[in-house]
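Asks: Please see the structure below; I have some questions.
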Amino acid sequence: MSNPQALVLVDKIPSVLEPVVTSLKGEGFEVEITSDCETASRLVVHRRSAVVLVGNLGDQMSRWEFCKELRGGWAVPVLAL
C-alpha cells in the first residue's frame, strides 16, 4: 500500500524544483528529491511513494525508459514536468 503523502521528484538539477518542493511540503507532503534515476527508483519503493514527478533527466535515460523501469518494481503514477 502506498503512502498518500509521500512523493519523489527527480531532475538532473534538483535546485530547479525547490519551489515545487517548498509548496508541496507546505501542504503536508513528504517530499524526497534526487538528481538520478537509480536513487529515485529506490526511494519510490522504500518510501512507498504515491506519485513520482519527473523533470529533466538529461542523458541518464528517457522519461519513457524511466517509467518502464519503475513499473517493473512498483505501480506508481508518474507525472512528467
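The values are calculated or read from the model by the stated rules, or taken from the named source; none is laboratory data. Note that the structure is predicted; figures quoted are calculated from it, not measured. Neighbour counts are summed over all protein chains in view; Cβ atoms, including those assigned to glycine, are modelled from backbone coordinates with ideal geometry. Areas reflect the complete protein model, heavy atoms only, side chains present, ligands, DNA and RNA absent. Shrake-Rupley method; radii C 1.70, N 1.55, O 1.52, S 1.80 Å.
Asks: Keeping the other protein chains in place, figure out the carbon and sulfur percent of the accessible area of the chain, with a 1.4 Å probe. Can you show the working numbers first?
Replies: On the way: 2640 of 4730 Å².
The computed percentage sits at 56.
Asks: Any idea of the accessible area per residue across the chain, 1.4 Å probe, to the nearest Å²?
Replies: Numbers: 4730 Å² over 81 residues.
Per residue, the chain has 58 Å² of solvent-accessible surface.
Asks: Rounded, prolate or oblate: which one fits the chain, using the alpha carbon gyration tensor with axes a ≥ b ≥ c (rounded when a/c is under 1.5, else prolate when a/b beats b/c, else oblate)? Numbers along the way, then the final one.
Replies: Details: a/c = 2.00, a/b = 1.10, b/c = 1.81.
Oblate, since a/c reaches 1.5 and b/c is not below a/b.
Asks: Continuing with this model, one more query. State whether the range 1-43 is rounded, prolate or oblate according to the following rule on the C-alpha gyration tensor (a ≥ b ≥ c being the square roots of its eigenvalues): a/c under 1.5 gives rounded; otherwise a/b larger than b/c gives prolate, and the remaining case gives oblate. Present the calculation step by step, with values, prior to reporting the outcome.
Replies: Working: a/c = 3.89, a/b = 1.10, b/c = 3.55.
Oblate.
Asks: Moving on to the next point. Each residue of the range 55-60 in order: what ³J(HN,Hα) in whole Hz does its phi give by Karplus 6.51 cos²θ - 1.76 cosθ + 1.60, θ = phi - 60°, with x for Gly and Pro?
Replies: Values per residue, Gly and Pro as x: x, 7, 8, x, 9, 4 Hz.
Asks: Using Cα pairs under 8 angstrom and six or more residues apart, how large is the relative contact order of the chain, in percent? Spell out each step's value before the answer.
Replies: Details: 136 pairs, mean separation 29.6, N = 81.
After rounding, I find 37 percent.
Asks: Okay, next question. Which cross-chain or sequence-distant (5 or more) residues have an amide H under 5 Å from the amide H of A6, H modelled 1.01 Å from N in plane?
Replies: It is E30, A50, by chain and number.
Asks: Where does the longest stretch of the chain lie that holds no trypsin sites (Lys or Arg not before Pro) found in a DSSP loop with 15 or fewer other Cβ atoms within 10 Å?
Replies: Details: sites that count: K12, R48.
The longest uninterrupted stretch comes out as 13-47.
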